[in-house]
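Asker: Dropping the structure in here first, questions after.
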């Protein structure tokens, strides 16, 4: 009988780089999750979206060098993954209108709840553009590049999305 030696698989990164990546996720994960939650309207989908984006970009962490560049890369991947999921209609679930527990006040912030509901009613691409433009404060050219659409399409989706938000019953009831 021959002795078979199985080689250990090589680790994708050095231990120090893995610790740096963990530290990055600790520092920036909350911001990434909030962006994903604004897109999906669901805490669990947001977690899935962030995890998918981080998994897809993990091997580029060391190559990109600094947190700012890597976060931009992860955000681009996050938004493109969201659009890809939307185009494929990978799931038939309907998000609930419940906000995640933030551990803050027991009184819900009604404007935030209404805005979340209004965002959930927007078509997926309009929602992505509005979140990128106004919640992440990204310029038109960057949004166009991130979503793989023209700058004119970004402006159109932005205009229509904002008009829909202004006309939303949820928000007009709050104002009156």
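Asker: Looking only at residues that are modelled with pLDDT of 90 or more and in a helix (DSSP H, G or I) in the range 134-144, which one is nearest to the chain's Cα centre (by Cα)?
Answerer: The qualifying residue nearest to the chain's Cα centre (by Cα) is 143.
Asker: Here is a further query. Quick check on residue 115: is it assigned to a helix (DSSP H, G or I), under 21 Å from residue 81 (Cβ atoms) and under 18 Å from the mean Cα position of the chain (by Cα)?
Answerer: no
Asker: I would also like to ask the following. May I ask you to list the residues in the range 101-133 that are surrounded by fewer than 14 Cβ atoms within 10 Å (Cβ to Cβ) and at pLDDT 85 or above?
Answerer: Within the range 101-133, just 123 meets the criteria.
Asker: While we're on this one: Which ones in the range 35-77 are closer than 16 Å to residue 129 by Cα and touching a residue at least 40 places away in the same chain (Cβ under 8 Å)?
Answerer: If the condition is that a residue be closer than 16 Å to residue 129 by Cα and touching a residue at least 40 places away in the same chain (Cβ under 8 Å), then 35, 36, 37, 38, 39, 40, 41, 75, 76 are the ones that fit.
The values are calculated or read from the model by the stated rules, or taken from the named source; none is laboratory data. Just so you know, these numbers come straight off a predicted model, no measurement behind them. Please note: Cβ atoms are built from the backbone with ideal geometry, for glycine as well, and neighbour counts cover all protein chains shown.
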